[in-house]
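Down below is the structure, laid out as structure tokens.
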Amino acid sequence: MRFAVVVFPGSNCDHDAQYALSSALGQEAELVWHKARDLGGADAVVLPGGFSYGDYLRCGAIARFSPIMTRVREFAAAGGPVIGICNGFQVLLEAGLLPGGMRRNRDLKFICEHVHLRVEATDTPFTRQAAAGQVLRMPIAHGEGNYYADPETLRTLADDRRIVFRYAAPDGSLDERWNVNGSTAAIAGICNRERNVVGLMPHPERACEAAVGSTDGRVVFESAVAALAACAPVAEVT
């Protein structure tokens, strides 16, 4: 399978994502510059973490206007699997591909540590290989990962089972002490109504080899590979 890893000025997890997909999982992964006009025949798209455009204005606010985002929107509208990780999640929010927004972490500090996530939904291309309630250990590295949305949006997310990951205790229980950044309803990741676009703050690409402390992130990308193998690849919109 072929993954396009979009690179914005300020991306710093692009090579991590490319390495995880190519070296750890044996898939094709190509870096796609933000000024590109097509996705290079990709079967799936990754918006990686970092500080796109220096996070000026708001995290992801400028990246949404990059030329490549036109293709990402079209690819997503055609049913193509898209995942935004950390800053990539923020870009998806700013681009309107996912609802809600991000605030500064509750303690107003940058957080860089491993956290535990509970899998809430297994019917997305990025969670189909996981089990409902499964606890994954992955690192986070962000200063503005405090997800919020208005009450109506939160009700819709809950009613439509669009909350994909929640911050949890190691045993999977929901406890505000483990909600490290203060996200509303302990939300760590969500999906769109069609379920093919997923955003999450933790970094699965940094949890694909035992040497870095966890292999739990592999299930995210292995799920995408399995989802793509189960159906014909979505034709790229050009």
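Values quoted throughout were computed directly from the atomic coordinates according to the rules given, and no laboratory measurement underlies them. It should be emphasised that the depicted structure is a prediction, and the values quoted were computed from it without experimental measurement. When we count neighbours, we look across all protein chains shown, and the Cβ atoms used for this are built from the backbone with ideal geometry, even at glycine.
Quick notes on this one:
- Screening the chain for DSSP H helices whose Cα atoms reach 15 Å or more along their own axis and whose mean Kyte hydropathy is at least 0.5 gives 218-229.
- Overall form of region 121-225 per C-alpha gyration tensor (a/c, 1.5; a/b vs b/c): oblate
- FRET efficiency, LEU108 to ALA210 (Cβ-Cβ, R0 25 Å, nearest 0.05): 0.15
- Oblate is the label for region 90-140, because the ratio a/c of its alpha-carbon gyration tensor axes (a ≥ b ≥ c) is 1.5 or higher and a/b is not greater than b/c.
- Alpha carbon centroid spacing (whole Å) that separates region 198-221 from region 105-149: 10 Å
- 14 Å beta-carbon shell around GLN90, net charge (K/R +1, D/E -1): +1
- Peptides 220-228, 25-33, 152-160 ranked from most to least packed give 220-228, 25-33, 152-160, packing being the mean of other C-beta atoms within 10 angstrom over each peptide's residues.
- Tensor-based shape of region 50-134 (alpha-carbon gyration tensor, a/c under 1.5 rounded, otherwise prolate or oblate): oblate
- CD proxy at 222 nm, helix term only [per DSSP H run n ≥ 4: -39500 (n - 2.57); per residue of the chain; nearest 500]: -5500 deg cm²/dmol
- Unit charges on C-beta of K, R, D, E only; dipole of the chain, Debye: 340 debye
- Mean separation of Cα contacts under 8 Å, 6 or more apart, over the residue count of region 47-174: relative contact order %: 24 percent
- Cα lying deepest toward the dipole's positive end in region 2-229, options TYR53, CYS86, ASN179, charges on Cβ: TYR53
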